[in-house]
Amino acid sequence: MERWIDETLHPHWRVSLRAERVLHEVRTDHQHLVIFDNPTFGRMMMLDGVVQLSTSDEFIYHEMMAHVPLLAHREPRHVLVIGGGDGGVLREVLKHPSVEKAVLCEIDRQVIDTSLVHLPEISAGAFDDPRSEIMIADGVKFVGETNQRFDCIIVDSTEPIGPAEVLFGQTFFEGCKRALRKGGVAIGQNGLPFVHHEHLASSGKLLRDIFNDAACFLCGQPTYFGGPFALTWASDKGDLRDWSVKKLRKRQDKRDIVTRYYTPEVHVGSFDLPGYVSHIWQGGRGTVGA
Ligand code: SAM
């Protein structure tokens, strides 16, 4: 039976998506999870009333989350993904031949299990790859306690509400610094600066305080309604961002990484921020209130 499902992230406006078919709906121990088919965007997953992915545009976000940090790194061997239970980031990470181990730390087992049943093309076998190791745990606890060290940490979390709120705080960012190898880089999703300026402003301040080099980069994700989507970059190694299109292209070709959104030009250009985003990243207010 047809249904319309509201995205309830924003307090003063709603996006409603036609669900031609609801495939799965459950309240897990951590969040409300629904998977449905929309005629325009394809199969979609929502958690706690927020669009997580659609099969039509997931490649944009997953490629940018994985290839911007991993192609900036000379030889990423150990990678940690926090969240990302659909397996899309893991899929992209494993395209890098130097990666020996990719740990995915997801708080909610049901996101992984449900994605494997209803969205198997997102992980595309990544969970069965012998280099993958799956942990069901809270990301904050994991980075604070693990003895492992990573060349790259990718935080593919939900919004800073519910279980992911802690993934935007000082304790978590300090834990990421602790779990990074020398010369490593941590990146994370940081929502829509136009509608949630306070999230990006807060992360910018914390990351600048904790890391030698902190930056924001952008991509355009059609199903994250409300403008460009922000990602954060944090590293103690300042020259990881001294890239050239030529160098990145050489690496991408050498690693034989085929992409649909990511290009070396997009990589470099994604750090060129529009004035209002730069202002928010430096701690300023946005155009609209939360
Ligand atoms: N890859 C998706 C996309 O295309 O937008 C994004 C989101 S992914 C499904 C976000 C995951 O973060 C969820 O599965 C959620 O359970 C997980 N998560 C939230 N809080 C967490 C925490 N504290 N520790 C680990 N995982 C967490």
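Overview of results
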| quantity | calculated |
| --- | --- |
| Efficiency of FRET between ARG131 and ASP213 - r from beta-carbon atoms, R0 25 angstrom, step 0.05 | 0.35 |
| Karplus-derived 3J(HN,Hα), 6.51/-1.76/1.60, for each residue of the range 262-279, Hz, glycine and proline x | 4, 9, x, 5, 5, 3, 5, x, 5, 8, 7, 8, x, x, 5, 6, 4, 4 |
| Expected-Rg normalisation [2.2 N^0.38 Å, Cα atoms] applied to the range 1-81 | 1.36 |
| Mean residue ellipticity (222 nm) of the chain, computed from DSSP H runs ≥ 4 via -39,500 (n - 2.57), nearest 500 | -9000 deg cm²/dmol |
| Equivalent ellipsoid dimensions for the chain as semi-axes, Å, which come from the Cα gyration tensor, largest first | 27, 22, 19 |
| For the range 146-151, Karplus couplings with θ = phi - 60° (6.51, -1.76, 1.60), whole Hz, Gly/Pro x | 5, 8, 7, 10, 10, 6 |
| Accessible surface, 1.4 Å probe, highest first, among residues SER56, SER270 | SER56, SER270 |
| Förster radius 35 Å - calculated FRET efficiency between GLU2 and ASP236, Cβ distance, rounded to 0.05 | 0.10 |
| Whole-number accessible area per residue in Å² for the chain, which is evaluated in the context of all protein chains at 1.4 Å | 42 |
| In Hz, Karplus ³J(HN,Hα) per residue of the range 58-68 (6.51, -1.76, 1.60; θ = phi - 60°; x = Gly, Pro) | 4, 4, 5, 5, 5, 5, 5, 5, 8, 7, 4 |
| Antiparallel %, DSSP beta bridges [both residues in the chain], to 5 | 60 |
| For the range 94-236, share of DSSP beta bridges that run antiparallel, in % to the nearest 5 | 55 |
| Relative contact order of the chain, defined on C-alpha pairs under 8 angstrom at six or more residues apart (%) | 16 |
| Accessible area in the full protein assembly, largest first, 1.4 Å probe, for HIS279, HIS118 | HIS279, HIS118 |
| Apportionment of accessible area to carbon and sulfur, the chain, percent (1.4 Å) | 50 |
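The values are calculated or read from the model by the stated rules, or taken from the named source; none is laboratory data. Note that the structure is predicted; figures quoted are calculated from it, not measured. Virtual Cβ from ideal backbone geometry, glycine too; neighbours counted across all protein chains shown. In case anyone asks, the SASA skips ligands and DNA or RNA and just uses the protein heavy atoms, side chains included. Shrake-Rupley method; radii C 1.70, N 1.55, O 1.52, S 1.80 Å.
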